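The values are calculated or read from the model by the stated rules, or taken from the named source; none is laboratory data. This is a predicted model, so every value here is computed, not measured. Cβ coordinates were reconstructed from backbone atoms using ideal geometry, including for glycine residues, and neighbour counts include every protein chain displayed.
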Amino acid sequence: MMERVAIVGIGCTTIEAAKRTQNYPELVYEAVKAALEDAGAGMDAVDNVVNTTNDFWDGRTISCMPVGGVSGGADKNISGVEGDGTFGTFYMMCRILSGNYGTGLVTAHSKGSEGKEVAPLITNSAFDPIHARSLGADMVTACALQARKYMTTYGITEEECALVSVKNLGNALDNPRAQRAMKLTVADVMNSDMIASPLKKLDISPISDGAVCLILSDERNAGRFRPPPVWLKGVGFCCDAYQLGDRNLADCKPLEMAASKAYRMAGIRDPRKEIDVAEVYDAFSYQELLWTEGLGFCERGEGAKLLASGATQREGEIPVNPSGGLLAGHPVIAGGMYRIAEAALQIRGDAGGVQVKDRVKTALAHGVNGLAGQSHCVWILGND
Amino acid sequence: MGKRAAIVGTGQTDHKSIRRDVNGQELIHEAVTRALEDAEMTIDDIDGVVIGNMDHFEGINYVDCWSIDGSGGYLKPVMKLCTGGTTGTTLAIGGYNMVASGMFEKLLVIGWEKNSESDTTGAIVTATDPILDRGVMAGALAGLAIEASEYAAAYGVTPRDAARVSVRDRGNACNNPHAHLQKAVTLEEVLNSPLISDPLRLLDMCPRTDGACAVIYAGESCAEKICPQPAWVVAATNRHTYSRFSDIKGQTGMVSLSRAAEELWQKTGIREPLKEIDVVELYQPYSWGGLKWMEDLSFCGRGEAPKLVWDGVTDMEGECPFNPSGGVISTNPIGATGLIRCAEIALQIQGKAGKHQVPDVRLGLATGFGGCFWSDCILYSKKKPE
């Protein structure tokens, strides 16, 4: 029988387009302080630290260096993960399950505003330097290809994708942490500026500033903290092939594999029935449709129908992104850890205006690394 | 409680200044293939991949995703760890924790760097705080030169003492077919080599190398089936004390290494490291570290390292050989460098180190150095931990 790890402290900054008064270590400091306060504990309760960073987005080599001190890690065992915060959280869970540590603090942040002008260059650097970079490919154009492939394969329309933005930006109206909250119609999304066909401005998440911190604890210590523990019940991650041409972009096999591992670990057989709420990585509107299919909430190609049925609305059978998701604010690298934080707040009943119902037993959080969802991490959180 | 974990296979590339014959993915593939061959496994046996390097050296973002064709991570869990110079030992500690957690049984851990594709100093400069540090402490050399100067002033240590370390390691490298620089040097050659940053001379310093290292960690349920002599992890500790170079206090030794070592000795019950540990692979990017850092590790008292080194205690035939592989001063593919320290200790424990084998190794220490004077320590053992 595996030992268990719980989230016992959550700290999030608000997500904003540009937090001009704070540099990125100061953002992390704010999230760390908030998480400790939420946990009702001081740094002395924490025996190790993992910071999740990215040298390109931070514009710093050894991007974990500036956040070592502000995360309280100066005199503790400490490590650094590069990639989405869901992966950083995984490493912290492993450190605790190894028996080497009892309570750990994990952070992720984004100061996207400082890299916004060069964002296409940042994601262009993820492409093959010889064949693809010179074409000017970046995250948005890669995802435009994926959107087109997905829409063609399953006969999905731009309007059906636009409905994701309508739902999520509407949900964000009740989330004080969200950057972008709008009451939209499908026509508004359709009429927004074309960025890379078929993706329009309101199909695309903004680049944001924000930091998040989670405090994780083993079962023995979980009771020492103020909030009820939110248990990490299952996790899986999986990576697809690298070259876009080696992948079927309408497919999401690595997500299916990651989800199936997480479900197996958490004992979930019927995700649509057993999961009460999901926070998925909707960096682009169409991705929420594609990912809900990969997560097994519906059959392949049925994501738009699932949305149209109302099932993924906040009051629906399986609410997806009640917080507003990434379309309402996308602090890259921290994006997936915000999903974990939002899912955990739902379980605690602390999600405020975006709370889906009184009693959330099981929640899903999802993070992505790489281009057009090359690598996925799926978490199942539970209240017992 | 967690599971015990061990290194069951290692693979290193042919380390060189410039590997024009391979791209980054192919370099990684070379190390992975050799590690799998060493463990007599195939990629299908591997249930996860952890990889690390320093992004700006090659200018590749999301390396965990980019490296799939070389790492074999297709449709496997893959993640990236990175902490600058300590990346290699961060990977080794990460691999250990992930297998000890029970989440993986057989984990492939890869460190790599193709330094020839970078402007190393240009990339390292951005590690420093743009406002407080960059104007005065940018690059890898300045901090080391200050440390050496302070150490020399405090204990009367001379450049000749440091050169003795360089002579030792560069001599050892001649017995390691994987070493990048395999050329023995004399004291006079070190002392007469070009001055780079006073008191550091060219032959006091590590090179920059193209290279990769892969190790396979296995859990206690299968390690002994895969490998007759696994290299078990006893404990791992680290400290990344400072976040800015301007925070570093002089005259106090490398705080991170002292504190990480203190915790390691306390966790493992080791009282006399020099007597109890059989071999050390010290992440020693410059000769002076081979003196001062022995003291920070409590292998001897303050100011006593030069005498031990001159007496041959750390030579191949000595009581506790340091850097039988030739160390970092001979081979330095940055993201792999720390992991090579661990792979070399595993080879020593397995008795597979060939011409640079130290006899009868029971306990071996690997360390990592990087970032803002940061330190990692990992202790490996021949005997399965209790």
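List of remarks:
- Criterion: among the polar types (S, T, N, Q) and surrounded by fewer than 22 Cβ atoms within 10 Å (Cβ to Cβ) - qualifying residue of A:Ser323, A:Ser309: A:Ser309
- Verdict on A:Pro254 being buried (at least 23 other Cβ atoms within 10 Å of the Cβ) and at pLDDT 95 or above: yes
- Counted residues, segment A:220-253 - those being polar (S, T, N, Q) and under 18 Å from A:Leu290 (Cα atoms): 1
- Residue count for segment A:229-251, restricted to those that are within 12 Å of chain B (Cβ to nearest Cβ) and either of a type outside the set (Phe, Trp, Tyr) or surrounded by fewer than 22 Cβ atoms within 10 Å (Cβ to Cβ) (or both): 13
- Residue within segment A:161-173 that is out of contact with any Cys (no Cβ under 8 Å at 6 or more places or on another chain) and either part of a loop (DSSP other than H, G, I, E, B) or farther than 19 Å from A:Gly303 by Cβ (or both) present: yes
- So A:Lys33, is it under 22 Å from the mean Cα position of the chain (by Cα), more than 10 Å from every other protein chain (Cβ to nearest Cβ) and part of a loop (DSSP other than H, G, I, E, B): no
- Only listed residue being away from every other protein chain (no Cβ under 14 Å) and in contact with a helix residue (DSSP H, G or I) (Cβ under 6 Å, 6 or more places away or on another chain), chosen from B:Ala31, B:Ala39, B:Ala6, B:Ala35: B:Ala39
- Taking segment A:88-132 as the range and being over 20 Å from the mean Cα position of the chain (by Cα), over 28 Å from B:Ala92 (Cα atoms) and among the polar types (S, T, N, Q) as the test, only A:Asn124 passes.
- Some residue of segment B:235-250 being out of contact with any Phe, Trp or Tyr (no Cβ under 9 Å at 6 or more places or on another chain), more than 14 Å from chain A (Cβ to nearest Cβ), surrounded by fewer than 22 Cβ atoms within 10 Å (Cβ to Cβ) and more than 18 Å from B:Phe299 (Cβ to Cβ): yes
- Conditions (1) more than 13 Å from A:Asp128 (Cα to Cα); (2) facing chain A (nearest Cβ under 8 Å); (3) part of a helix (DSSP H, G or I); (4) not β-branched (Val, Ile, Thr); number of the one not met by B:Asp44: (2)
- Residues located in segment B:47-60, provided they are among the aliphatic types (A, V, I, L, M) and either more than 9 Å from chain A (Cβ to nearest Cβ) or not in a loop (DSSP other than H, G, I, E, B) (or both): B:Val49, B:Val50, B:Ile51
- Taken over segment B:1-37, the criterion of being crowded, with 24+ Cβ neighbours inside 10 Å and hydroxyl-bearing (Ser, Thr, Tyr) is satisfied by B:Thr10, B:Thr13.
- Some residue of segment B:130-145 being within 27 Å of B:Leu365 (Cα to Cα), modelled with pLDDT of 90 or more and in contact with a strand residue (DSSP E or B) (Cβ under 8 Å, 6 or more places away or on another chain): yes
- Remark: pairs (first residue in segment B:255-276, over 14 Å from B:Asp376 (Cα atoms); second residue assigned to a helix (DSSP H, G or I); Cβ separation under 8 Å; 6+ apart in sequence or on different chains) = B:Ile270/B:Leu264; B:Ile270/B:Glu276; B:Arg271/B:Trp265; B:Pro273/B:Ala261; B:Pro273/B:Trp265; B:Leu274/B:Leu308.
- Matching residues, segment A:39-55, being more than 10 Å from chain B (Cβ to nearest Cβ), more than 22 Å from A:Ile340 (Cβ to Cβ) and part of a helix (DSSP H, G or I): A:Asp44
- Pairs meeting the criteria (first residue in segment B:61-77 and facing chain A (nearest Cβ under 7 Å) and within 16 Å of A:Gly236 (Cβ to Cβ), second residue outside any helix (DSSP H, G or I) and among the basic types (Lys, Arg), beta carbons under 8 Å, at least 6 apart or on different chains) are B:Asp64/B:Lys80.
- Cβ pairs under 9 Å, 6+ apart, first in segment A:56-82 and over 22 Å from B:Ile60 (Cβ atoms) and more than 7 Å from chain B (Cβ to nearest Cβ), second β-branched (Val, Ile, Thr) and in a loop (DSSP other than H, G, I, E, B): A:Gly72/A:Val46; A:Lys76/A:Val46
- Residue selected from segment B:78-92 under the condition among the β-branched types (Val, Ile, Thr) and facing chain A (nearest Cβ under 7 Å), by the criterion farthest from B:His15 (Cα to Cα): B:Val78
- From A:Cys94, A:Cys143, residue being facing chain B (nearest Cβ under 9 Å) and in a helix (DSSP H, G or I): A:Cys94
- If you go through segment A:246-288 and pick out every residue that is without any contact (Cβ under 8 Å) to a residue 12 or more places away in the chain and closer than 16 Å to A:Gly301 by Cβ, you end up with 1.
- Residue within segment B:218-239 that is in a loop (DSSP other than H, G, I, E, B), out of contact with any strand residue (DSSP E or B) (no Cβ under 8 Å at 6 or more places or on another chain), more than 30 Å from A:Ser98 (Cα to Cα) and hydroxyl-bearing (Ser, Thr, Tyr) present: no
- Among the candidates A:Gly325, A:Gly336, residue that is closer than 21 Å to A:Ala35 by Cβ, in contact (Cβ under 8 Å) with a residue 60 or more places away in the chain and of a type outside the set (A, V, I, L, M): A:Gly336
- Residue within segment A:121-141 that is out of contact with any Ser or Thr (no Cβ under 7 Å at 6 or more places or on another chain), under 18 Å from A:Ala250 (Cα atoms), touching a residue at least 60 places away in the same chain (Cβ under 8 Å) and surrounded by fewer than 24 Cβ atoms within 10 Å (Cβ to Cβ) present: yes
- Out of B:Glu295, B:Glu262, sole residue that is charged (D, E, K, R), surrounded by fewer than 24 Cβ atoms within 10 Å (Cβ to Cβ) and either in a loop (DSSP other than H, G, I, E, B) or away from chain A (no Cβ under 13 Å) (or both): B:Glu295
- Residue within segment B:299-312 that is within 13 Å of the chain's Cα centre (by Cα), at pLDDT 95 or above and β-branched (Val, Ile, Thr) present: no
- Scanning segment A:254-265 for residues that are within 12 Å of chain B (Cβ to nearest Cβ) and in contact with a helix residue (DSSP H, G or I) (Cβ under 8 Å, 6 or more places away or on another chain) yields a count of 2.
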